[in-house]
Amino acid sequence: MTYQPLRFDFSDDFTTTENGSDALDYIVDPPSISATNENGDGSLVARVFAAWGQASATISLLSNRYQRQWPGAIAALNDHKGTLEVTWRDEQSRILFEGAIMGAWERSGEHAGAHALA
């Protein structure tokens, strides 16, 4: 699948329609996931994977138009002393999905995030 940024064209008289029948039929692979100062404690990486999984589940509830933007939207995730460092594919990916990944991170009891573009 080739990544194409979303375009938003709105029609005042409802002449533009969408069909969500082309849903993703595969599971999106996680980005590079790590934890600073892991020291063999797999629980640090596990909670980053858990946040990724929760964000992915959230995205699966969005329309297919958004779901198709999710693969590769996040290039890397790193837990740095409780701050989730997110490396985004592009600015649009951050705008679309920051709420999902940071909401999942906050659900794990952490509230700090740092963001960069790939």
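The values are calculated or read from the model by the stated rules, or taken from the named source; none is laboratory data. All of these numbers come straight from a predicted model, not from anything done at the bench. A quick note on method: Cβ atoms are made from the backbone with ideal geometry, for glycine too, and the neighbour counts reach across all protein chains shown. Please note that ligands, DNA and RNA were not included when accessible areas were found on the heavy atoms of the full protein model with its side chains. Shrake-Rupley method; radii C 1.70, N 1.55, O 1.52, S 1.80 Å.
From the phi of every residue in region 100-115, what ³J(HN,Hα) in whole Hz does the Karplus formula 6.51 cos²θ - 1.76 cosθ + 1.60 yield, where θ is phi - 60° and glycine or proline is x?
Running phi through 6.51 cos²θ - 1.76 cosθ + 1.60 with θ = phi - 60° gives 5, 6, 6, x, 5, 5, 5, 5, 7, x, 9, 9, 9, x, 10, 10 Hz.
According to the square roots a ≥ b ≥ c of the eigenvalues of the Cα gyration tensor, what is the shape class of the chain, taking rounded for a/c under 1.5, prolate for a/b larger than b/c otherwise, and oblate for the remainder?
Numbers: a/c = 2.41, a/b = 2.18, b/c = 1.10.
The shape class here is prolate.
On a 0 to 90° scale, report how tilted helix 42-59 is relative to the longest principal axis of the chain, with both axes built from alpha carbons and the result rounded to the nearest 10.
10
Residue by residue, what Karplus-based ³J(HN,Hα) values in Hz, rounded to whole numbers, does region 94-99 have, using 6.51, -1.76 and 1.60 with θ = phi - 60° and x for Gly and Pro?
5, 4, 6, 10, 4, x
Probe of 1.4 angstrom, ligands and nucleic acids ignored: what's the accessible area per residue over the chain, in square angstrom? List each step's numbers first, then the result.
On the way: 7240 Å² over 118 residues.
Solvent-accessible surface per residue comes out at 61 Å².
Exposed loop GluC sites (Glu not before Pro) only (DSSP loop, at most 14 other Cβ atoms within 10 Å): please give the longest stretch of the chain free of them, not including the sites. Working shown, then result.
Numbers: sites that count: 18, 38.
That gives 39-118 as the longest site-free run.
Under 5 Å between amide H atoms, partner at least 5 residues away or on a different chain: which partners does residue 72 have, H built in plane at 1.01 Å?
Excluding prolines and chain starts, which carry no amide H, there are no hits.
Output the antiparallel fraction of DSSP beta bridges having both residues in region 32-102, as a percent to the nearest 5. Don't skip to the end; give the middle numbers.
Numbers: 6 of 10 bridges.
Taking every DSSP beta bridge within region 32-102, about 60 percent pair in antiparallel fashion.
Spelling out what I want: for every residue of region 61-70, take phi, set θ = phi - 60°, compute 6.51 cos²θ - 1.76 cosθ + 1.60 (Karplus), and round to whole Hz; glycine and proline get x.
Result, rounded to whole Hz: 8, 7, 5, 4, 4, 7, 4, 5, 8, 5.
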